[in-house]
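Read the structure below first, then the notes.
The values are calculated or read from the model by the stated rules, or taken from the named source; none is laboratory data. As the structure is a computational prediction, the values presented were derived from the model and not from experiment. No Cβ is skipped: glycine too gets one built from the backbone with ideal geometry, and neighbour counts run over all protein chains shown.
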Amino acid sequence: MLKKLAYLVFASILMSSSCRDRNTQIPFVNTDFDININLPAYQDLNVPTGWIYVNGGSRGIIIYRNTQDEFVAFDRHSTYDVEASCQVEVLEDNITIEDPCSGSQWLIIDGSVMNGPATFQLEPYNTQWNPPILRIYN
């Protein structure tokens with residue numbers, strides 16, 4: 001009995017540590033597309049720290065290149081006051097994403113909240129890199 005209880009506690013801890021907080025209020029939009037970063041429209045993604053906006057998701061998507069082989073993608077739908085449907089934008093520093101409606105700010109490298117009132121990270125999308133093709137999907 002004690003072994004079974006220990007196993008259940010361990011499994012519970014493992015499951016809770018692997019789950020991330022997700023703002024399930026952002027409307028789910030099935031997303032699965034490829035882009036060829038060699039095309040002129042995506043040239044800003046050819047170097048680390050480059051980013052672009054693309055259509056898709058709930059309010060559009062921001063794609064950012066962290067390193068030579070790592071990309072991240074986030075929905076542009078603000079996680080603060082979801083009903084307002086505010087669209088976030090990258091600021092001139094190329095590191096901060098801001099909601100013009102609330103002033104909330106997120107870090108472009110991981111979508112984490114830098115300044116509130118937002119408390120949820122930006123909604124991420126999965127990325128898969130098979131040069132020169134980048135797949136964005138949920």
**OP:** Would you be able to say whether some residue in segment 101-122 is farther than 20 Å from P27 by Cα, of a type outside the set (G, A, S) and assigned to a helix (DSSP H, G or I)?
**Re:** no
Subject >> Positions within segment 61-103 being of a type in the set (K, R) and more than 18 Å from M114 (Cα to Cα), in sequence order >> reply: R65
Subject >> Flag for D110 being among the acidic types (D, E) and more than 18 Å from L45 (Cβ to Cβ) >> reply: no
**OP:** Output the residue which, of all residues in segment 94-117 that are in contact with a Gly (Cβ under 9 Å, 6 or more places away or on another chain) and farther than 14 Å from I61 by Cα, is surrounded by the most Cβ atoms within 10 Å (Cβ to Cβ).
**Re:** S104
**OP:** Please identify the pairs in which a residue from segment 113-135 that is touching a residue at least 40 places away in the same chain (Cβ under 8 Å) and among the polar types (S, T, N, Q) has its Cβ atom under 6 Å from the Cβ atom of a residue that is assigned to a loop (DSSP other than H, G, I, E, B) and buried (at least 17 other Cβ atoms within 10 Å of the Cβ), counting only partners at least 6 apart or on another chain.
**Re:** Q121/G111
**OP:** Go through (1) surrounded by 14 or more Cβ atoms within 10 Å (Cβ to Cβ); (2) touching a strand residue (DSSP E or B) at 6+ places or on another chain (Cβ under 6 Å) one by one and return the number of the condition L91 breaks.
**Re:** (1)
**OP:** Scan segment 108-118 for residues that are over 12 Å from D81 (Cα atoms) and more than 10 Å from the chain's Cα centre (by Cα) and jot them down.
**Re:** V113, M114, N115
Subject >> Residue list for segment 123-138, filter: part of a loop (DSSP other than H, G, I, E, B) and surrounded by 15 or more Cβ atoms within 10 Å (Cβ to Cβ) >> reply: E123, N138
Original post:
Has segment 38-57 got any residue that is surrounded by 11 or more Cβ atoms within 10 Å (Cβ to Cβ), modelled with pLDDT of 95 or more and over 21 Å from the mean Cα position of the chain (by Cα)?
Top reply: yes
**OP:** Would you tally the residues in segment 68-99 being charged (D, E, K, R) and either assigned to a helix (DSSP H, G or I) or in contact with a His (Cβ under 8 Å, 6 or more places away or on another chain) (or both)?
**Re:** 1
